[in-house]
Amino acid sequence: MLANYGVLLADRTYRGALLTGCGAFASLFAFISGSPFVYIELYGMSPQQMGLAFGANVTGFIVGSTLSARLTRRLGADWLIRSGVYLGAASGLLLAVLALAGVHHPAAVMGPMWGVTAAVGLLLPNATALGLAGYPKMAGAAASMMGFAQMGLGAGAGMIVGHSVQASATPLALTVAAGMLFSLAMRALLLRRRGSKA
């Protein structure tokens, strides 16, 4: 089993797919962990309103993953991953800029986060498929390593946000932005040479 993991980690494409997905997963878990406090304690929403706000953000993931399923065969995993990391990085940076500028309004979180969740829906399924594609005989090991890494990094991001989001949405915004920028960097460093031009 350890030998299989070594083979996987030696593969540049697998590492790129794994790490690109990890950044997106961390951004998503940071939002899941911090948004109840931000929406309820900082912005004064009721639990019902918070549920509606959170559900509105989830629609981004639904749209992104639906588009991913419909466009993968026509456009390919590389194109969708690239589009996802660009959209996610831009949305994450907008979220961080608004928070650092002191814009305290639910829309300043909900709007950019919709873009982030849509980006995760676009890139995460394709990064997973790309990472598993070369290992039909080691699919279990490849999938389990991806799941472990994504859950681990996501839990770490959630802990960071949970312990730091006390007075503002800035820690949440910065963690989300960092996760999406990490995905962008990993895609550029490890997956770009697979034939993508940008």
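The values are calculated or read from the model by the stated rules, or taken from the named source; none is laboratory data. Remember, predicted model here, so these are calculated numbers, not experimental data. FYI the Cβ positions are ideal-geometry reconstructions off the backbone, even for glycines, and counts take in every protein chain you see. To get the accessible areas, we keep the full protein, side chains included, count just its heavy atoms, and leave off ligands, DNA and RNA. Shrake-Rupley method; radii C 1.70, N 1.55, O 1.52, S 1.80 Å.
Selection over segment 1-39 of residues that are among the hydroxyl-bearing types (Ser, Thr, Tyr) and over 30 Å from TYR135 (Cα atoms) gives a count of 3.
Filtering segment 85-110 down to residues that are of a type in the set (Gly, Ala, Ser) and at pLDDT below 95, which residue is nearest to VAL176 (Cα to Cα)? Applying the filter and picking the extreme gives ALA99. Going residue by residue through segment 59-81, is there one that turns out to be in contact with a Lys or Arg (Cβ under 7 Å, 6 or more places away or on another chain) and aliphatic (A, V, I, L, M)? Yes, because at least one residue in segment 59-81 is in contact with a Lys or Arg (Cβ under 7 Å, 6 or more places away or on another chain) and aliphatic (A, V, I, L, M). Within segment 156-183, being of a type in the set (Gly, Ala, Ser) and within 12 Å of LEU28 (Cβ to Cβ) holds for ALA157, GLY158, GLY179, SER183.
Within segment 40-58, does at least one residue satisfy the condition of being touching a residue at least 24 places away in the same chain (Cβ under 8 Å) and within 16 Å of the chain's Cα centre (by Cα)? Scanning segment 40-58, I find at least one residue that is touching a residue at least 24 places away in the same chain (Cβ under 8 Å) and within 16 Å of the chain's Cα centre (by Cα), so the answer is yes. Of all residues being at pLDDT 90 or above and either aliphatic (A, V, I, L, M) or under 25 Å from LEU153 (Cβ atoms) (or both) in segment 41-53, which is least open to solvent (accessible area, probe 1.4 Å)? Just the residue, please. Step by step, filter segment 41-53, then rank; the result is ALA53.
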